[in-house]
């Protein structure tokens, strides 16, 4: 295809060239590693919890940039070009404040903040968050043999349907048979050569489990406390739904009175009033007794509160109720939210501190970054300790 | 492009080549390859086809591809500075677009061949990078992907720190001038060695300074003198350095190179026998390439305007120029060819970005003030000098090796040659850890923080100390 010795033009088939996508995959792998290393911060990100229906979230990753010696960007002059009528003082554009609110945005083509943001789907992120989580002390209960809907291709047979033809093995059989006949190469395919992949339905035993999510909606719960509760339960619900197809979730909110609500109500309710935590525990006990007999159900009550309960009397009642919950539940989880650390001593947590039972898990949350550790504490798979074992 | 269109483009290329020769361009033989968009973006991300694998290339690829997929930007051509030159065209461009790009490319190749700053580049770089990539792949087999990546990350973080003027070295860098043992060892047979002479030969006093002059080429210094690097690790440093040196002249002549190519693609296309419709399409494309941006300077436009201005001023000098500078007039063509041969962006802009041009191009400085980007300066000299400053050392901090045997303990002492702009400390810290990983011993960086001289010290990968110098 020569036009002249000095200038030539060709067109080749590049369809097998894969270098860019391969390095891109390595980069994505590194993004995942970076996310895994920063889960504490990412799990608490507001953008994720509020991304209803939006599938892709932007995750700021500061560690994944190749550092180099460079100048402090600060106040630096840049050169631009106008249309002939620019004047000193002309405004070119605006930059969102570099505070929290504006962090998610890169300001167009203007030079600005430059840390790296990765696009991650919520599902990918969830898979990373849930990697090591599981329901603790889970026991096989009930006899629900639930055939999961996936199948495993784990056998090769001589008969089968053509769509499941195993081409590689078929060719190998043919080559081997030809070789035995003293012929080189592939050809003269017969029915004997054909190999098919076959599958088995994959059955696994599931354990029945119910999770009771309790949430304090009293007046003392401030913006931060509400946010943390929402954030925690958002991940918890998502986790349970992803990992366990058979888990039921009961939602309870309480101030001085407890109510069972649906999921929407649970996440969006804003009430106020005093606090009587015992009401929620009572309701939980009732629901468990009515609907989820201990013989057939693993049960996991979780409660989030700011720990500000109505007097010592109710605290003592709560302690009794928690003990009776512990008698029949796999775990009782209590999360106390204290913005910026511990405020008062007369909280529920100090009441519960007398409980000496591995099935009671108490967590104090002081800021956003504690949400992921809390998840890990509540949902780390633990086995039942043999009787008499020392913790 | 259909086969017919490819044939059309092919025959036009012969014409373009002839026209380029006629106007005085002198390119290397050039080979064009039509590629799909995905390949073009890959080459754009790697700089050279077949370059070594690294996740930063993967990231660049992803970013460029995303921009293209959303229709935000498009690469028209990619040309590799080799002999013969290789250029890549998009196969889904129109014939006319590719004709224009071919003319543009030939001017680039002429620039590569004739500009002084390219005289020492390796014109077989396409093969060299492939060999480099192959060697790195081999190292991955031998030492594991993560190990190689760890070294590459560290080297790439300081890849800019090579000497842009490698030919100006006073001495070959490979001279090992490390301080040696001060006295030769004494032994029982010394008398036999020095038999027949009255006294022992003088031992030259050891050179105390190492390196004798501050060394700009950090990569070379590390490759040759880092105490603990394995040979394959040194090789990786050399590989990155050689590729960086290949790219340097292109970074040094961005405005000139694009300006030169735009200047000539316009003239060559006008010479061609284009149908009416094509001519309109060409004018549209041409103005698209030259579009001004309010927030950066478009090197295609600014470069081309300067070349046009030079040609005009040397063709029709003012009476003053004739009298004072002895310009005869009619020398425009000769002058721009001389400029393309001798200058780089810095000298080009310093010498030829005149007051009239800054005003005609309406260049200005802007900055962020209270969350608003405003124009703050229009004075032509300030604007020009700001552009020049931003080009000094490619806009990177100038860092040299002061001492490769700090505290007589093989520590590495670097110095940031402070010229008014302070370092981004977060980045400096992380980068120093990478340097420490390569050097293996403590690494010191002298710089200025908040107006006071300071030294950053990284002893191992985990700790950073900030000290005031003694």
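Readers should treat all values here as calculations from the given coordinates under stated rules, not as data from a laboratory. Since the model is a prediction, treat every value here as computed from it, not as a measurement. Neighbour counts are summed over all protein chains in view; Cβ atoms, including those assigned to glycine, are modelled from backbone coordinates with ideal geometry.
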For residue A:263 and residue A:15, compute 0.36 nm times the residue count separating them, minus their Cα-Cα distance, and round to one decimal in nm. 84.3 nm
Between residue B:467 and residue B:338, what is the FRET efficiency for a Förster distance of 60 Å, r being their Cβ-Cβ separation, to the nearest 0.05? 0.70
Arranged by the count of other C-beta atoms within 10 angstrom, fewest first, what order do A:138, A:240 take? A:138, A:240
For the range B:201-335, restrict the atom set to alpha-carbon positions and state the Rg and Dmax in Å. 25.4, 86
Compute the whole-percent fraction of alpha carbon pairs in the range A:209-378 spaced more than 29 Å apart. 10
For residue B:322 and residue B:254, compute 0.36 nm times the residue count separating them, minus their Cα-Cα distance, and round to one decimal in nm. 21.3 nm
Extent of the range B:394-467 along each principal axis, from alpha carbon coordinates, in Å, largest to smallest? 31, 26, 22
Above 17 angstrom, tally the Cα pairs of the range A:150-205 and express them as a % of all pairs, no decimals. 44
Where a ≥ b ≥ c are root eigenvalues of the Cα gyration tensor, a/c under 1.5 meaning rounded, otherwise prolate if a/b exceeds b/c and oblate otherwise, the range B:26-137 counts as oblate
One computes Rg over Rh for the range B:1-92 from alpha-carbon atoms, with the Kirkwood Rh, and obtains 1.03
Relative to the longest principal axis of chain B, what angle (0 to 90°, nearest 10) does the C-alpha long axis of helix B:254-271 take? 20
At 0.36 nm per residue, and after removing the present C-alpha to C-alpha distance, how many nm does the segment from residue B:277 to residue B:425 gain when stretched out fully? 47.7 nm
Between helix B:231-252 and chain B, what is the angle of the helix's C-alpha long axis to the longest principal axis, kept within 0 to 90° and rounded to the nearest 10? 40
So, in Å, what gap is there between the alpha-carbon centers of the range B:24-47 and the range B:365-384? 37
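Give the whole-number value, in cubic angstrom per residue, of the convex hull volume spanned by the C-alpha atoms of the range B:284-327.
Expressed per residue, the convex hull around the Cα atoms of the range B:284-327 is 95 Å³.
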Using Cα atoms only, what is the angle between the long axis of helix B:125-143 and the major principal axis of chain B, expressed in degrees (0 to 90) to the nearest 10? 40
At the level of C-alpha centres, the distance separating the range A:271-347 and the range B:227-278, in angstrom, is 69
Once R0 is set to 60 Å, what does the formula 1/(1 + (r/R0)^6) return for the Cβ-Cβ distance between residue A:291 and residue B:120, expressed as a FRET efficiency to the nearest 0.05? 0.15
Given a Förster distance of 56 angstrom, what is the FRET efficiency for residue A:323 paired with residue A:172, based on the Cβ-Cβ distance and rounded to 0.05? 0.30
Residue B:247 paired with residue B:355, simple spin-label distance in nm, labels 7 Å along Cα-to-beta-carbon: 4.0
For residue A:243 and residue A:376, extending 7 Å from Cα along the Cα-Cβ vector and measuring point to point gives, in nm, a value of 1.4
Report the label-to-label distance for residue A:154 and residue B:376 in nanometres (one decimal), using points 7 Å from each Cα along the Cα→Cβ vector. 6.9
In Å and whole numbers, how far do the C-alpha atoms of the range B:290-393 stretch along each principal axis, longest first? 53, 26, 26
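Counting only helical runs of four or more DSSP H residues, what would the 222 nm mean residue ellipticity of chain B come to if each run contributes -39,500 (n - 2.57) and the total is spread over all its residues?
Rounded to the nearest 500, it is -16500 deg cm²/dmol.
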Please say if the protein assembly as shown is rounded, prolate or oblate, where rounded means a/c under 1.5 for a ≥ b ≥ c the square roots of the C-alpha gyration tensor eigenvalues, and otherwise the choice is prolate for a/b larger than b/c and oblate otherwise? prolate
Most exposed to least, judged by fewest other Cβ atoms within 10 Å, A:30, B:254 sort to B:254, A:30
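Cut-off is 10 Å between beta-carbons; in what order do B:74, A:87 appear when sorted fewest neighbours first?
A:87, B:74
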What are the principal axis extents of the Cα atoms in chain B, in Å, biggest first? 94, 62, 57
